[in-house]
There are 4 protein chains.
Amino acid sequence: MCRWLAYSGSPLLIEDVLYKPAHSLIAQSLHSTLGAETTNGDGFGIGWYGAGDAPGVFRSIEPAWNDRNLRELAGHITSPVLFAHIRASSGSAIQQTNCHPFRHGRWLWMHNGVIREFAQVKRDLVLAVDPSLYPHIEGSTDSETFFFLALTLGLEDDPPGAVARAVGLIEETGHRQGVEQPIQMTVATTDGKSVWAFRYSSEHDSRSLFYSTDVPTLRKAHPDLPVLERVSDETRLIVSEPLRDLPGAWNTVPESSYGVIQDGADELHPFTPQAPSSPTAVPAPL
Amino acid sequence: MCRWLAYSGSPLLIEDVLYKPAHSLIAQSLHSTLGAETTNGDGFGIGWYGAGDAPGVFRSIEPAWNDRNLRELAGHITSPVLFAHIRASSGSAIQQTNCHPFRHGRWLWMHNGVIREFAQVKRDLVLAVDPSLYPHIEGSTDSETFFFLALTLGLEDDPPGAVARAVGLIEETGHRQGVEQPIQMTVATTDGKSVWAFRYSSEHDSRSLFYSTDVPTLRKAHPDLPVLERVSDETRLIVSEPLRDLPGAWNTVPESSYGVIQDGADELHPFTPQAPSSPTAVPAPL
Amino acid sequence: MCRWLAYSGSPLLIEDVLYKPAHSLIAQSLHSTLGAETTNGDGFGIGWYGAGDAPGVFRSIEPAWNDRNLRELAGHITSPVLFAHIRASSGSAIQQTNCHPFRHGRWLWMHNGVIREFAQVKRDLVLAVDPSLYPHIEGSTDSETFFFLALTLGLEDDPPGAVARAVGLIEETGHRQGVEQPIQMTVATTDGKSVWAFRYSSEHDSRSLFYSTDVPTLRKAHPDLPVLERVSDETRLIVSEPLRDLPGAWNTVPESSYGVIQDGADELHPFTPQAPSSPTAVPAPL
Amino acid sequence: MCRWLAYSGSPLLIEDVLYKPAHSLIAQSLHSTLGAETTNGDGFGIGWYGAGDAPGVFRSIEPAWNDRNLRELAGHITSPVLFAHIRASSGSAIQQTNCHPFRHGRWLWMHNGVIREFAQVKRDLVLAVDPSLYPHIEGSTDSETFFFLALTLGLEDDPPGAVARAVGLIEETGHRQGVEQPIQMTVATTDGKSVWAFRYSSEHDSRSLFYSTDVPTLRKAHPDLPVLERVSDETRLIVSEPLRDLPGAWNTVPESSYGVIQDGADELHPFTPQAPSSPTAVPAPL
């Protein structure tokens, strides 16, 4: 229902990532090509790592394309990790507390997709959130509840495992209440150093997700693109749809898989939800 | 933490009630005399009964004193029942879904005060809300949770009983978790015909609440006030602080009591919370 | 750059006009078919005639499709004349004072189109506004300046003549500064009784504009459409694009013409700008 | 009508200047002691110098005290020069384009006070703005017009002279139209290197303005204030009212004078408006 972008690499001005590409995320807020909705005008947010320990978060209920403050910040802030999200609400209220990315401590989280029949399953899911985390839920979205389930189930220690357990719990809860395909998702999360990105849906027909080709290869293919000279070899983007029509630049994240952008070699793995009732699942605090 | 006003009587332009009195609610949003905070600039809302079955609700996160749309509506809408509320947040987010009045079906609800240590007791209170009502909670305030507890406990059939049970539940929950004085409140609720207003606090030192003297008496005392000629004998106002310096116009709602404005004689009764564990309490759906 | 709707006839709930048709203006705010832009998410406004002499105006910088207050008002207010406008900014700031309809006394005004090279010609045009009207200009759009030019040139006495003189002045000013096609416009204005709608552009290739077929004819063609039973024979809509796929319901306002909806027979006339320097032009207060 | 703060010195986190002092500007937005109004809740703005040549500007129509985005930025951005302003509107619309500081190129401008009878004199003043600058006026305030007059009259080359000429022009224009005391002002302007601050009013009874005592002296008087250890000897604050109750910390800017904070010794001079008709005035482009 939304579009997002995760950047990791050389500290760039946010506008270089957010505004300058031909099909930038800001342009997508008006006209998305691959989204379930073509307009993503129900608020936006960015998260970045600057001074201070926790990331900064700037969220607004205005459409991203006409927000002057976003343009100001983008022209004056640099960050080695940037999360950006534009929202097309599937019904919940347009308010800052429903805008992504969500933050807890050093962690950011953003989601494109939906927990299906959320009004019906929400109470059970919220009850599964650790009571000490529960008061920190501020908004009313499925995405934020999903984040707090992942935090409850170990996100800060084992992101892939925690997301697998959270999705397993969401699917088991949905199935118990007669929801056939309980979740549709691409998710990104970061602690400011590594970035994890997941692509999954109960129906195995997930929203699009792409990662950028490694920079040395891109430089050879596109010696004329100046921004490539300004970024390190390690720089990587993950996006819900490509930002430029650059041949060879974008690679599909495979169905039911997740990637890790980190110091050293990046990784790509299959993703399998872990149901709470499964014998291989870690004991969840339920 | 807030200021509110409930009007019941001859259909008046909203601006006659909201803007024209010397110490109008809008003036109080900038400079309240009796409030716990002198500025109530964290959003506002009005509820009124016009075309359609359910009341209309207009809520905004801007300060009431500079909201042009509120002034427009106030100059063009008449209503026989008006609820108006200006907010001074005690911490929860400034968003429309946290602005009063709250609505469910034909019912409106607004609250001045606080459920103390709400972050701590919220989970238990939310769990006590009927699961079929739970998905309708949109915001994050204590006041909205209080409303849904009252709905769960029979507000639509027996408002005084439901509020007594809700307050009893809030006090029992708070005490169980070590909160000494769990609630401070003035509350107004209406179905569009009658208005119920409550003044209570666990410490028996409740926020101020006033009701207006009956109109025939006021007309005799103030024959020069034109608005009194335009309203019926049955017209009544309940306010968190007086709107004009009219001698004899305002009467204190006594500590631990509630009033009913209705067709026929209005009523004033003592208010006593009913704890769920009390043998005299009706069985709550817990 | 925008979409708009003018309704005149039996007092209807605003939502009947604004939300219920299949291609309603609210739906067009997300996905317009005929507009220069497909998304009109840069604010909106409505004007209506209720209690009070002057019309009420409700304007917001949020996209119309997700504005809860608009939906509330639309469900509770009826009006015999309704102006509604959704905005796609061509550059000027997103702020309430730039949202249509604009109001002066009993008059409303809304515009789809552009005064070309407005930054360049603005000073000359603003100087042509009557000094007593000048302080009432609150925003920064071409459309509001156009309105104040029309007011200066006699809108309240002779709407078609005043608009012809204003367009003549805009064209002469533009040509003097080298702008080839100074204006593109559909405009609606009303005093709450009659509605005037204009379609014109310097290049004679104007934005789309339609008026609805008279109600008795529509009823015969579409006996199954309940809303037609609730409106008088005199009811009429003018829209920048059709609201429903009703065969025979919508008629193009011809290029370079204007229509009048009024008591008695409606009218359709050719529209010709009157340059200030033209001998047939009335003396303008310049 | 407003409160403001200008900081120049060692790059500090914005929150150190804006939130942490006991009587911080944010606290003043709720409860100002010395302001003409006690509440300054009609929008705010900050300007800072970061990446990029021009300063960044973040402005919002929400009250400063409850704006989460301001708090986020304040916790993550450092700047050697900071302008911050909280607004109490004297009537003009609450919109971002009316919030201070205003920016042109590298220059920032903020104002506390009023051009009296502005609706009456506005047209003449706006006509005196250089036509090439005129299209950059976006809002409707007296303060922005004042800025553009100063730019027209040489602000970028000679700030004290340009402000003297602008004030002279405003006074002459007002007097010509029967306004007895045409201007009341404290003004700050900066190019990112030096800061100029002016205190003046036609009635010689100007709004309060203070500058901080030099840091070495402050350190001796208050060895226990940690923030003083983190800032350079050159660091200086100018404020419309003191931020802390520090004995010896705040000095009144004298009536009808201006100060310059700059590399090397700061300066304090008398301020005298220069009327356009005065033989000593430089020829203004009128």
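The values are calculated or read from the model by the stated rules, or taken from the named source; none is laboratory data. Since this is a predicted model, take the numbers as computed values, not measurements. Here Cβ is always computed from backbone atoms with ideal geometry, including for glycine, and neighbour counts include all displayed protein chains. Heads up: the accessible areas ignore ligands, DNA and RNA and are worked out on the full protein's heavy atoms, side chains in. Shrake-Rupley method; radii C 1.70, N 1.55, O 1.52, S 1.80 Å.
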What distance in nm lies between label points placed 7 Å from Cα along the C-beta direction at D:Asp53 and A:Asp245? 3.2
Could you tell me how far the Cα centroid of segment A:140-206 sits from the Cα centroid of segment A:61-120, in Å? 17
Give me the accessible area of C:Glu267, 1.4 Å probe, in Å² rounded to the nearest 10. 80
Computed over chain C: longest principal axis from alpha-carbon atoms vs helix C:118-127 long axis, angle to nearest 10 degrees, is 80
Just the number, please: carbon plus sulfur as a percent of the accessible area of segment B:23-162, 1.4 Å probe, no ligands or DNA/RNA counted. 48
Taking the Cα atoms only, what angle lies between the long axis of helix C:142-152 and the longest principal axis of chain C, rounded to 10 degrees? 80
Between C:Asp158 and B:Leu225, what FRET efficiency comes out of the Förster formula 1/(1 + (r/R0)^6) with R0 = 35 Å and r the beta carbon distance, rounded to 0.05? 0.20
Taking each residue of B:63-76 in turn, how many C-beta atoms of other protein chains fall within 10 Å of its C-beta, and what is the average? 6
Charge tally in the Cβ shell below 14 Å around C:Asp16, where Lys, Arg are +1 and Asp, Glu are -1, C:Asp16 excluded: +2
Semi-axes of the equivalent ellipsoid for the protein assembly as shown, Cα gyration tensor, largest first, Å: 43, 40, 37
With Rg from the Cα atoms and Rh as the Kirkwood inverse mean 1/r over Cα pairs, segment C:1-138 has an Rg/Rh of 0.98
Give me Rg/Rg_expected for segment B:30-82, where Rg uses Cα atoms only and Rg_expected = 2.2 N^0.38 Å with N residues. 1.29
Could you size up the charge dipole of the protein assembly as shown around its Cα centre, putting +1 on the beta carbon of Lys and Arg and -1 on that of Asp and Glu, and report it in debye to the nearest 20? 0
Please average, across the residues of C:49-58, the number of beta carbons from any other chain that are within 10 Å of each residue's own beta carbon, and give a whole number. 5
Amide H contacts of D:Trp250 (H built 1.01 Å from N, under 5 Å, at least 5 apart or other chain): D:Thr213
Probe of 1.4 angstrom, ligands and nucleic acids ignored: what's the accessible area per residue over segment A:132-258, in square angstrom? 37
Axis-nearest residue of D (beta carbon) for the D-onto-C rotation, whole Å: D:Gln95, 2
Over 10 Å intervals from 0, what percent of Cα-Cα pairs in chain D sits in each interval? 7, 31, 38, 20, 5, 0
Rounded to the nearest 0.05, FRET efficiency between D:Asp214 and D:Asp124 (Cβ-Cβ, R0 35 Å) equals 0.25
Using just the helices of chain D, give the 222 nm mean residue ellipticity in deg cm²/dmol: DSSP H runs with n ≥ 4 each add -39,500 (n - 2.57), and the total is spread over all residues, rounded to 500. -6500 deg cm²/dmol
Grab the beta carbon distance between D:Leu268 and C:Ser132, set R0 = 41 Å, and tell me the FRET efficiency rounded to 0.05. 0.40
If you line up the Cα atoms of segment D:145-188 on their principal axes, what length do they span on each, largest first, in Å? 32, 18, 16
With +1 on the Cβ of every Lys and Arg and -1 on the Cβ of every Asp and Glu, and nothing else charged, how large is the dipole of segment D:118-234 about its Cα centre, in debye rounded to the nearest 20? 160
Give the nm distances, rounded to one decimal, from C:Glu180 to the matching residue in every other copy, measuring between label points 7 Å along Cα toward the beta carbon; shortest first. 5.7, 5.9, 8.1
In angstroms, what radius of gyration and Dmax does segment A:117-203 have, counting Cα atoms only? 12.5, 39
Ignore the peptide's own chain and count Cβ atoms of other chains within 10 Å of each Cβ in C:116-123; give me the average, rounded. 2
Summing +1 for each Lys or Arg and -1 for each Asp or Glu, what net charge is found among the other residues whose Cβ lies under 9 Å from the Cβ of D:His111? -2
Put the label 7 Å from Cα along Cα→Cβ for C:Thr33; what are its distances to the other copies, in nanometres, shortest first? 2.6, 6.1, 6.6
Nm distances between the label at A:Glu229 and the same-position labels in the remaining copies, 7 Å along Cα→Cβ, shortest first? 4.6, 7.4, 8.3
Give the average over all directions of the projected area of the C-alpha convex hull of segment C:197-240, one decimal, in nm². 3.7
With every protein chain left in place, what is the accessible area of C:Lys20 in Å² (1.4 Å probe, nearest 10)? 120
Distance from segment B:233-266 to segment B:1-37 (C-alpha centre basis), Å: 13
Those lysines that a straight Cα-Cα span of less than 28 Å connects to D:Lys122, excepting residues fewer than 8 apart in one chain: C:Lys122
re segment B:68-177: pairs of Cα atoms spaced beyond 24 Å account for a percent value of 27
Relative to the compact globular guide of 2.2 N^0.38 Å, what is the alpha carbon radius of gyration of segment B:153-286, as a ratio? 1.22
Quick one: what are the phi-derived ³J(HN,Hα) couplings along segment C:204-219, Karplus 6.51/-1.76/1.60 with θ = phi - 60°, whole Hz, x for glycine and proline? 6, 9, 8, 3, 5, 7, 9, 10, 7, 4, 4, 4, x, 5, 4, 4
